[in-house]
Each structure stands twice: as C-alpha cells, then as structure tokens.
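The values are calculated or read from the model by the stated rules, or taken from the named source; none is laboratory data. Being a predicted model, the structure only gives us computed values, none of them experimental. FYI the Cβ positions are ideal-geometry reconstructions off the backbone, even for glycines, and counts take in every protein chain you see. Note: accessible area is taken over every heavy atom of the protein model, side chains too, but ligands, DNA and RNA are not part of it. Shrake-Rupley method; radii C 1.70, N 1.55, O 1.52, S 1.80 Å.
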Amino acid sequence: MNTPQEFGSLLTGLRALADSGFAHGGGALATLTQTKGSTFRRPGARMLVCGDGSVVRGLSGGCPEADIIGRAREVIAVGEARIVRYDRESGLDALLELGCGGELEVLIEPLTKVRDLAFIEAAASCLDARRSGVLATVYRRDGSVMGPKPRRMVIDEGRIMVNEFGAGLISGVLADLALERTPANPTVERFTHGGNDYEVLLEALIAPYALFIVGINAAAVALARIAKVLGWQVTLVDDRDDRGANAWPGLLPDGVRRITATAATITEKLEFDARSFAVVMTHNLGRDIDYLRALGGTPLAYLGSLGSRSRAQRLYEGSGLSPAQLRAPAGLDLGSETPEEIALAISAEILAMTSGRRAESLSQTTGPIHA
C-alpha cells in the first residue's frame, strides 16, 4: 500500500473516478510490485491514471511515468491487466531516463466498475479506524499476469473483509500466507495451489500518523496545514472554547478535527497510540506545563513544545519530563522565525524521528536514502 500518508489522496481520486461513472472508459491503477537496485520508490507505491490522461499521486520523480501513463491508457482501452518491466531486457529507453540504475516491475490494471474499488474501501475502513490489517494482491499465475484483473484479499484485524477468490481452498492458503508472512514493508511472496504457481504482493495496512496540536494560533494553523499535506490525521485542541479555531476562518484545511479539552480532560477525550504525536503550544507557560504532565504518561511517539531554551528548561522542570520524553524547543535547527518556518521545522523533526534518521544533509551521508 502507498504509505498511509499518501493513501488519502489516492482514495479521493478513486472515489472521484467512481462518482464520474468511470468516465473516459474508467481508469487504471499502476502498482509498483518489485524493484532491484536504486529506485525512487519501493513496492506498494501506486498511481491512478484516468482515461483522460490525468494522474493522481504518481510514482515520484525520475520514474518512467510518461511511459507508464501511455501503457495505462492502453490497459484502459483493452480492459486487461498488464505487467510492465523496466530492466536491461525491456523498457530500456525509459530505464535510461530513470538515471539511478534501478529496475522496476509495474502492475497496471483497469478500473471500470464500482466493485473494482471494493478492496480500496475495505483498506480505507481499516486505516480510518487505526486498525492493523493486510492487503494481498495475487497478480501472477504460472508466470503470466492474472487476467483480466488481479484478485485481492483484505484482512482487517484477522477478519477477511474482501475475498475475490470465493470460498475455495485457495482462500485459506492465501489468508494463512498473508497473516504469517506480511512484513512491515511490502514484499512479493510465492505459493503453489492446485498445481498452479502464484505470486502475491503482501502489504501491511498501517494506521496513518496522528498529530495533536494543543493551542490554536498562527504556528498551530501552519503546522496543521503541513501535517494534512503529509497525510497525517490532525486534531487541534483548545482549552478555552471554539473562539480560537474561529479566529482562523478559511485557513484550516478540510478534515482537521477541533475539540475543547483541558489538561485534566485531554486523556479522557482523546486516544493516543505509538503512531501519535503531540505538540503543545498554548503560549501560556502554566497551561503548557499542565498539558505536558498529562501527556507525558501516554504512548506518544513524539511530544514537543515551543519556546526559547530558557523557557524549555522551565518546561522540563515544571513537567518533570526528561529530554528523552520531551522535545523542547521542538523542531530542527533550520533558523526558523515565521509560523510557517517553525511548522516546517517541527514536522521535519517528527518525520526524521519516525524514520530513525538524524536529519543530516543527504549530500553529506553515504547510506541508503530509503530504509
């Protein structure tokens, strides 16, 4: 699956395709199934190509997208799935354009009916509820692409929600394989059933990151906007009433949740998990300390607060939290000054933390870009 951060825009595009009645012949979903060597993206990355040639998401810069889009429109026209390889034996011109020495395999499938999107809706339900699940895409049988389209299974907290194989024995084999072998990163597995050899792309459904911003002000609004672009679930928290949120008409992006919660009630009103972050920025020292105390005992992956270094010291002393528990001052040292720059520094620090990176310049490092 596209990273949870990307999934929202892809889902929006697919729903728009369905709402249009699959205009222009429908669309095609291009899925990166396997890579070799250095590539811009990893297996599971997807893009939607509509019949009019418009694209949702894309497979990132450098990939032979123009060629993939052209082939996707051919798939839409004939209504049959296709596997396209970009390696030394095929797609060489596009591979040379790639320029990074990697090789790709891309599954392109037609989308022409609402039922073609059943697996996407099931995956969305799992992600929205912050449950864990598995998406299994069987796309090759005995060396050839499954036709006319790949078949899928979606497992949500151990329950099979979508099963395009029916009740046959292959369903049990696939479910066992998906539950036993699905790693954190998408991978292709092979299995044999009924004398046929199958290849299946297994992808873990992992909840998107959730950001809780305590305090509503210019920096909070800027951080909410960046977080939504990154695909995070965003909640703005005010301890007063809704006047703080209403002070920023038209600036908050769609989908941002707003609640009123004091330090005494925030852990009762909100649920935090290991894929959650919180940034406290009420600009009131006493209130910030109270919120930090309340949030310090939750399983947050990141807890930060704004302020100068002297203010940060007072936050540590008042909350009883250590530097290992609290990032204060929050954010990377980017020379930030404006609300937007501060928001960028905070989101960059969170992203580096979740990726296990030290936020160094890529030009000064020698390790792999992708973990």
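In this structure, is SER322 assigned to a helix (DSSP H, G or I) and small (Gly, Ala, Ser)?
When the stated conditions are applied, SER322 does not pass them.
The residue that is modelled with the highest pLDDT, among those in the range 295-310 that are open to solvent by 50 Å² or more (accessible area, probe 1.4 Å) and either part of a helix (DSSP H, G or I) or over 24 Å from GLU268 (Cα atoms) (or both), is SER310. Here ILE226 clears all of (1) closer than 30 Å to ARG151 by Cβ; (2) open to solvent by 20 Å² or more (accessible area, probe 1.4 Å); (3) β-branched (Val, Ile, Thr) except the condition numbered (1). Against the list (1) modelled with pLDDT of 95 or more; (2) assigned to a loop (DSSP other than H, G, I, E, B); (3) open to solvent by less than 40 Å² (accessible area, probe 1.4 Å), the condition LEU292 fails is (2). From the residues in the range 229-260 that are out of contact with any strand residue (DSSP E or B) (no Cβ under 9 Å at 6 or more places or on another chain) and at pLDDT below 85, which one is most open to solvent (accessible area, probe 1.4 Å)? Only one residue tops the list, namely ARG243.
If you filter the range 124-161 down to residues that are open to solvent by 20 Å² or more (accessible area, probe 1.4 Å) and part of a helix (DSSP H, G or I), you find that the one that is farthest from GLU74 (Cα to Cα) is ASP128.
When you check PRO4 against the structure, is it modelled with pLDDT under 90 and over 29 Å from SER276 (Cα atoms), yes or no?
Working: modelled with pLDDT under 90: yes; over 29 Å from SER276 (Cα atoms): no.
Spelling it out, it is not the case that PRO4 is modelled with pLDDT under 90 and over 29 Å from SER276 (Cα atoms).
Is it true that some residue in the range 106-115 is in contact (Cβ under 8 Å) with a residue 24 or more places away in the chain, in contact with a Cys (Cβ under 8 Å, 6 or more places away or on another chain) and crowded, with 17+ Cβ neighbours inside 10 Å? No, there is no match, as no residue in the range 106-115 is in contact (Cβ under 8 Å) with a residue 24 or more places away in the chain, in contact with a Cys (Cβ under 8 Å, 6 or more places away or on another chain) and crowded, with 17+ Cβ neighbours inside 10 Å.
Taking GLU121 as the residue in question, decide whether it is open to solvent by 10 Å² or more (accessible area, probe 1.4 Å), within 26 Å of GLY26 (Cβ to Cβ) and under 19 Å from the mean Cα position of the chain (by Cα). Against the criterion (open to solvent by 10 Å² or more (accessible area, probe 1.4 Å), within 26 Å of GLY26 (Cβ to Cβ) and under 19 Å from the mean Cα position of the chain (by Cα)), GLU121 qualifies. Restricting the first member to the range 47-76 and to residues that are on the phi > 0 side of the Ramachandran plot, and the second to residues that are open to solvent by 50 Å² or more (accessible area, probe 1.4 Å) and modelled with pLDDT of 90 or more, the beta-carbon pairs closer than 7 Å and six or more apart or on different chains are GLY53/ARG73.
For the range 203-216, name all the residues that are under 21 Å from the mean Cα position of the chain (by Cα) and either open to solvent by less than 20 Å² (accessible area, probe 1.4 Å) or within 15 Å of LEU351 (Cβ to Cβ) (or both).
Start the filter on the range 203-216 by keeping residues that are under 21 Å from the mean Cα position of the chain (by Cα), which leaves 203-213.
Residues satisfying the conditions are GLU203, LEU205, ALA207, PRO208, TYR209, ALA210, LEU211, PHE212, ILE213.
Evaluating ALA219 against the criteria (1) over 24 Å from GLU121 (Cβ atoms); (2) open to solvent by 40 Å² or more (accessible area, probe 1.4 Å) leaves one unmet condition, (2). Screening the candidates ASP52, ASP67 for the property of being farther than 22 Å from SER144 by Cβ and open to solvent by 30 Å² or more (accessible area, probe 1.4 Å) yields one hit, ASP52. In the range 166-190, the qualifying residues are those that are of a type in the set (S, T, N, Q) and assigned to a loop (DSSP other than H, G, I, E, B), and the one that is least open to solvent (accessible area, probe 1.4 Å) is THR182.
Of the residues LEU315, LEU344, the single one that is outside any loop (DSSP other than H, G, I, E, B) and open to solvent by less than 20 Å² (accessible area, probe 1.4 Å) is LEU315.
Taking residues in the range 261-278 that are open to solvent by less than 40 Å² (accessible area, probe 1.4 Å), and partners anywhere that are basic (Lys, Arg), the pairs with Cβ atoms closer than 8 Å and at least 6 places apart or on different chains are ALA261/LYS269; ALA263/ARG287; ALA263/ARG293.
With respect to the conditions (1) open to solvent by less than 40 Å² (accessible area, probe 1.4 Å); (2) modelled with pLDDT under 95; (3) closer than 26 Å to VAL75 by Cβ; (4) of a type in the set (A, V, I, L, M), LEU96 lacks only one, and its number is (1).
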